[in-house]
């Protein structure tokens, strides 16, 4: 009888499902916009590079045929390590068109040990397509597990016997050893190579989770679920073929995948450059948006902080139509760009596993409450589950569960983890904490796994962060758990202060202690004075994951090191 008070919301599917393959959709968009720029790549000190729709289609097909000639079969895994450049874009569509599953790799360690761990998890990788890297660093890391290379690109790896092909994106050599290049693969004029017939439910790619709190998992998506992610992204933004978007997220991840192009032929502007600081990144983004006349952007919340300060500093003359943001809980302070840089900010909630789930367009900060995530996209259901396994009443916090047509197929080669997060009814257990308001809006606070277990109390970091952000000199803050011999864990506030701030961490601590505490309303949000951060540390920058999110694991390790606390 009181079902209307329960924490369950949904929106019916209205526009029909897209049941196609990614290559079929690419062909359709190229036929509609053959000569329109699909992607523009900008980088400091380098010429502007772009590719049209028909070039993207033809060159990615040439790569796909070259992979088939090299023995790649439907269902094989092909690993790609490329920056946000044209080669990286071509590899996305080329690998998927060959019938293989695309796996994105990021080489960070010189010995390639980080990549070895991923390849061991996959188990059946057949080929590598890599950018050689600065001074051939990526290629050299690869050679730590490649034992023999033939002139035709065939390789032998004792560590990974299934790998038989290595392709490098540009001409390079090590010890006079030449490598098969992507250009050679594309330019081969050999007839008789046909591409396999694919099904929309075939696996298309493996997306690495952010790994911000531990080891990343590999999320399995089909052609159909990836295109449905695009449908939901369009739900949130309403983009059309006339839009030009700036998005510096990595193309191979959920935040940077070319959804907008596949849905409507939207031109995307991006960069293949990795910036040293947030300010440098924001300055470049501002210049790129101005140069390319972008009217929408897709940015992380921390970048919005930087752009808001920058726009005021340089008296911005850009007025965007919309900025999409998400990837972490969005505080009201992130919306300082409204009226300065953009007419609207759309806050989106989602994940690599489930795509884009809910969104909230905001044109005035008075319309927004911290961490609001909006209403479901079409075909999406959301419910909030308490620790007893039952749906809670509206307004009460619990764990967010979702059911969506864009849901992943599972975690690659991790049956037990899949079983724990995905039940037989199709509900995905997000590990996120939140509640649904009386009006039916989702508010997502943070992750269950990030709760600080302080004595017998579960403290939600985002509640503490909200208090600290009220200090006028605090630019950004992340609250993390630190081991404690008495309470098990205590909160540590990692703070970035605004430029030229005279405030120190001791001042921030006094400010917090004098603030009115957020008294507990349930077990997930108990924040009273005695649970305020015990430690306050100042940072210039926070460590980032490959996807651009704050790396909580590295942040905890750095904080413990500074505090001389054993982990």
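At a glance:
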item	result
Residue ID - farthest from residue 535 (Cα to Cα), chosen from residues in the range 400-427 that are assigned to a strand (DSSP E or B) and out of contact with any helix residue (DSSP H, G or I) (no Cβ under 6 Å at 6 or more places or on another chain)	403
Candidate set: the range 93-124, residues that are in a helix (DSSP H, G or I) and touching a helix residue (DSSP H, G or I) at 6+ places or on another chain (Cβ under 8 Å); chosen: the one farthest from residue 38 (Cα to Cα)	115
Top-ranked residue of the range 463-483 - restricted to ones that are crowded, with 22+ Cβ neighbours inside 10 Å and under 23 Å from the mean Cα position of the chain (by Cα), ranked as farthest from residue 499 (Cα to Cα)	480
Qualifying residue in the range 369-378 (condition: touching a helix residue (DSSP H, G or I) at 6+ places or on another chain (Cβ under 6 Å), surrounded by 22 or more Cβ atoms within 10 Å (Cβ to Cβ), over 23 Å from residue 542 (Cα atoms) and at pLDDT below 95)	no
Qualifying positions in the range 285-299 - touching a residue at least 60 places away in the same chain (Cβ under 8 Å) and surrounded by fewer than 18 Cβ atoms within 10 Å (Cβ to Cβ)	291
The listed residue being in a strand (DSSP E or B), surrounded by 15 or more Cβ atoms within 10 Å (Cβ to Cβ) and either at pLDDT 90 or above or touching a strand residue (DSSP E or B) at 6+ places or on another chain (Cβ under 9 Å) (or both), out of 146, 129	129
Test: residue 65 is closer than 28 Å to residue 200 by Cβ, surrounded by fewer than 18 Cβ atoms within 10 Å (Cβ to Cβ) and touching a residue at least 24 places away in the same chain (Cβ under 8 Å)	no
Residue list for the range 149-166, filter: crowded, with 18+ Cβ neighbours inside 10 Å and either part of a loop (DSSP other than H, G, I, E, B) or touching a residue at least 40 places away in the same chain (Cβ under 8 Å) (or both)	153, 157, 160, 163, 164, 165
Test for residue 170: is it assigned by TED's automatic domain parsing to the domain that holds residue 67 and in contact (Cβ under 8 Å) with a residue 24 or more places away in the chain	yes
Given (1) over 19 Å from residue 9 (Cβ atoms); (2) crowded, with 20+ Cβ neighbours inside 10 Å; (3) over 21 Å from the mean Cα position of the chain (by Cα), index of the condition residue 302 fails	(3)
Any hit, the range 18-32, residues being crowded, with 22+ Cβ neighbours inside 10 Å, under 18 Å from residue 193 (Cα atoms), modelled with pLDDT of 95 or more and within 23 Å of the chain's Cα centre (by Cα)	yes
Selected residue (only one of 78, 40, 49 is at pLDDT 95 or above and surrounded by fewer than 16 Cβ atoms within 10 Å (Cβ to Cβ))	49
Residue within the range 492-504 that is loosely packed, with under 13 Cβ neighbours inside 10 Å and either within 23 Å of residue 560 (Cα to Cα) or in the same structural domain as residue 332 (by TED's automatic domain parsing) (or both) present	no
Test: residue in the range 452-461 that is at positive phi and either free of Cβ contacts under 8 Å to residues at least 12 places away in the same chain or in a strand (DSSP E or B) (or both)	no
Residue match in the range 172-179 (condition: under 28 Å from the mean Cα position of the chain (by Cα) and surrounded by fewer than 23 Cβ atoms within 10 Å (Cβ to Cβ))	no
Wholly enclosed strands (runs of 3 or more DSSP E) of the range 217-334 bearing at least 2 residues modelled with pLDDT of 85 or more and under 30 Å from residue 120 (Cα atoms)	218-222
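The values are calculated or read from the model by the stated rules, or taken from the named source; none is laboratory data. Because the structure is predicted, anything quoted here is derived from the model rather than measured. Quick reminder, even Gly has a Cβ in these numbers, built from the backbone with ideal geometry, and neighbours come from all protein chains shown.
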